[in-house]
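K.L.:
Please see the structure below; I have some questions.
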Amino acid sequence: MEEKEMSFVETMEYIDSLRAYGVVPGLDNMRRLCARLENPQDDLKFVHIAGTNGKGSVLCFLSAVLAQEGYRVGSYSSPAVADYRDTIQTGGRMISRAWLCRGMTRIRTACRALVEAGYPHPTLFEAQTALAFLYFKEKKCDIVVLETGMGGELDATNIVKSTVVSVFTPVSMDHVGVLGNSLAQIAWTKSGIIKAKGRAVSSQQEPEALEAIRLRCREQNASLTVTDLKALVKKKSTLAKQTFSYGERKNLEISLAGRYQTENAALAIEALDVLSECGYPVTDKALRAGLLGARWPGRFQILGTNPLFIADGAHNAAAAARLADTLGFYFRGEKLIYIMGMLRDKDHEAVIKQTCPLAGTVLTVPTPGERGLSAYELAGEVMKYHGDVTALDSVEEAVEIAYMLSGGKTPVIAFGSLSYLGKLMETVDNRNKKKK
């Protein structure tokens with residue numbers, strides 16, 4: 001008997017209930033779930049992206065360029081920043097509420113059948129990944145740009161078989177103990193998305209990480225292309241636009257701020273070149289227009305200009321180092337106002353050490369969920385490295401105090417876990433609307 005379709009409120013409540021099933025590495029349950037849904041992923045082609053930092057930005061560049069060329073492009077990323085539906089998009093437009101309700105009702109039916117058959121209940125990530133496959137199949141996507149969760153080999157997304165190219169952003173020490181206990185082990189786990197006789201493209205990596213990816217390629221008889229940072233020439237960087245050249249391609253432009261974004265763009269270009277060789281050609285015109293038009297929320301995103309208010313999802317040591325480099329470049333000599341929120345299982349001390357030398361004042365906020373770190377715990381960590389820190393009870397309070405302290409002049413930088421940045425972005429947007 002077919003279940004009654006859930007309303008949007010019921011659907012979001014169901015999605016929230018799935019968080020109770022945690023994170024369970026492995027593909028067995030994902031295979032069973034997709035089998036119940038008639039394996040929609042087998043009718044799709046993928047660009048599969050793994051790494052620690054930069055996955056979302058590279059996905060954004062690839063999706064924008066391919067869409068500009070006229071391909072029907074699906075993109076799947078996580079976590080959501082402003083809206084849950086942002087995780088599943090076609091042609092830059094997020095999944096509709098109606099389709100989310102219809103698809104998730106079907107997912108719920110399949111999950112219940114699995115439990116009744118004696119199998120574990122699928123996790124939230126498994127359910128939403130299966131939903132994405134259903135959606136992309138119905139939309140008849142020519143290519144899907146697919147971001148892994150935290151892993152690779154045992155990640156729910158790795159159920160896919162028809163990967164055109166595997167892409168690797170910089171790998172760093174993240175999810176230690178789950179993915180591995182060394183950089184080489186973590187890179188080996190993430191490189192598990194490489195398919196037999198496939199094509200792989202990687203950014204420049206630490207030597208042990210790159211060697212692990214090379215070994216996996218040899219094991220799978222796959223080819224590997226690595227970005228050449230010597231061929232990357234950064235010409236001009238402003239908060240509105242960056243100009244660079246990569247190899248023979250001169251004077252390319254991107255709108256994403258952050259000094260590291262040109263490296264992400266170079267990786268995307270290499271991946272697009274491989275895609276062209278595999279039957280997905282892209283013209284120079286589409287490449288340039290797609291790179292310039294790419295937008296990605298929560299990555300050195302300017303939320304306001306009076307004062308300058310920036311949000312960035314730097315939540316680990318490597319991302320924090322990149323953020324500090326960018327802040328030092330754009331705001332040399334200034335003492336900034338920080339809003340920080342971190343998850344408990346992240347290396348918040350490393351993030352603090354990288355970023356705090358540039359801070360004048362630090363405001364800490366709580367992050368949601370069981371993994372969230374309280375504002376007071378985070379403030380205690382910050383105090384070891386910076387004397388001017390205040391713990392606040394809410395994001396809304398932090399935004400108001402930041403504006404007050406700024407006086408319309410001192411830049412405000414909100415960073416850390418993406419789990420609170422959506423709320424922060426909404427708060428700043430509402431405040432800006434009231435001021436108009």
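K.L.:
Kindly establish whether residue 388 is among the acidic types (Asp, Glu) and either touching a strand residue (DSSP E or B) at 6+ places or on another chain (Cβ under 9 Å) or surrounded by 15 or more Cβ atoms within 10 Å (Cβ to Cβ) (or both). Working first, answer last.
P.N.:
Values: among the acidic types (Asp, Glu): yes; either touching a strand residue (DSSP E or B) at 6+ places or on another chain (Cβ under 9 Å) or surrounded by 15 or more Cβ atoms within 10 Å (Cβ to Cβ) (or both): yes.
Spelling it out, residue 388 is indeed among the acidic types (Asp, Glu) and either touching a strand residue (DSSP E or B) at 6+ places or on another chain (Cβ under 9 Å) or surrounded by 15 or more Cβ atoms within 10 Å (Cβ to Cβ) (or both).
Yes or no, residue by residue, for (1) more than 18 Å from residue 323 (Cβ to Cβ); (2) touching a residue at least 12 places away in the same chain (Cβ under 8 Å); (3) under 21 Å from the mean Cα position of the chain (by Cα); (4) open to solvent by 70 Å² or more (accessible area, probe 1.4 Å):
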| site | (1), (2), (3), (4) |
| --- | --- |
| 348 | no, yes, yes, no |
| 381 | no, yes, no, no |
| 395 | yes, yes, no, no |
| 414 | no, yes, yes, no |
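K.L.:
Considering only segment 199-219, I want to know if a residue exists there that is outside any loop (DSSP other than H, G, I, E, B), closer than 28 Å to residue 95 by Cβ and in contact with a strand residue (DSSP E or B) (Cβ under 6 Å, 6 or more places away or on another chain). Outline the logic, then answer.
P.N.:
Just the residues of segment 199-219 that are outside any loop (DSSP other than H, G, I, E, B), to begin with: 199-202, 207-219.
Still in the running and closer than 28 Å to residue 95 by Cβ: 201.
The next check asks that each one be in contact with a strand residue (DSSP E or B) (Cβ under 6 Å, 6 or more places away or on another chain); those that pass are 201.
Within segment 199-219 (the criterion being outside any loop (DSSP other than H, G, I, E, B), closer than 28 Å to residue 95 by Cβ and in contact with a strand residue (DSSP E or B) (Cβ under 6 Å, 6 or more places away or on another chain)), the answer is yes, since at least one residue qualifies.
K.L.:
Anything in segment 230-259 that is in contact (Cβ under 8 Å) with a residue 24 or more places away in the chain, touching an Asp or Glu at 6+ places or on another chain (Cβ under 8 Å) and either under 24 Å from residue 182 (Cβ atoms) or assigned to a strand (DSSP E or B) (or both)? List them, or say none.
P.N.:
232, 249
K.L.:
Follow-up. Return a yes/no flag: does segment 72-81 have any residue that is at pLDDT below 95, surrounded by 19 or more Cβ atoms within 10 Å (Cβ to Cβ) and hydrophobic (A, V, I, L, M, F, W, C). Please lay out each step first, then the result.
P.N.:
Our first condition is that a residue be at pLDDT below 95; within segment 72-81, this holds for 77-81.
Within this subset, residues satisfying the condition of being surrounded by 19 or more Cβ atoms within 10 Å (Cβ to Cβ) are 77-78, 81.
From what's left, hydrophobic (A, V, I, L, M, F, W, C): 81.
Checked segment 72-81: at least one residue is at pLDDT below 95, surrounded by 19 or more Cβ atoms within 10 Å (Cβ to Cβ) and hydrophobic (A, V, I, L, M, F, W, C).
K.L.:
How many residues are touching a helix residue (DSSP H, G or I) at 6+ places or on another chain (Cβ under 9 Å), assigned to a loop (DSSP other than H, G, I, E, B) and free of Cβ contacts under 8 Å to residues at least 60 places away in the same chain when one looks only at segment 118-166?
P.N.:
Residues flagged as touching a helix residue (DSSP H, G or I) at 6+ places or on another chain (Cβ under 9 Å), assigned to a loop (DSSP other than H, G, I, E, B) and free of Cβ contacts under 8 Å to residues at least 60 places away in the same chain within segment 118-166 amount to 1.
K.L.:
Within 26 Å of residue 199 (Cα to Cα), open to solvent by 30 Å² or more (accessible area, probe 1.4 Å) and either modelled with pLDDT of 95 or more or of a type in the set (A, V, I, L, M) (or both): is that true of residue 240 in this structure?
P.N.:
no
K.L.:
A further question follows. For residue 340, work out the one condition from (1) surrounded by fewer than 19 Cβ atoms within 10 Å (Cβ to Cβ); (2) under 24 Å from residue 405 (Cβ atoms); (3) in contact with a Leu (Cβ under 9 Å, 6 or more places away or on another chain); (4) at pLDDT 90 or above it doesn't fulfil.
P.N.:
(1)
K.L.:
Right, something else. Among the residues of segment 221-237, write down those that are of a type in the set (A, V, I, L, M, F, W, C) and open to solvent by less than 30 Å² (accessible area, probe 1.4 Å).
P.N.:
Residues satisfying the conditions are 222, 231, 232.
K.L.:
Check whether at least one residue in segment 203-220 is open to solvent by 50 Å² or more (accessible area, probe 1.4 Å) and under 26 Å from residue 290 (Cα atoms), and report yes or no.
P.N.:
Yes, the conditions are met somewhere in segment 203-220.
The values are calculated or read from the model by the stated rules, or taken from the named source; none is laboratory data. Remember, it's a predicted structure, so these values are computed and weren't measured experimentally. Neighbour counts are summed over all protein chains in view; Cβ atoms, including those assigned to glycine, are modelled from backbone coordinates with ideal geometry. Keep in mind that these areas ignore ligands, DNA and RNA; they rest on the heavy atoms of the full protein, side chains included. Shrake-Rupley method; radii C 1.70, N 1.55, O 1.52, S 1.80 Å.
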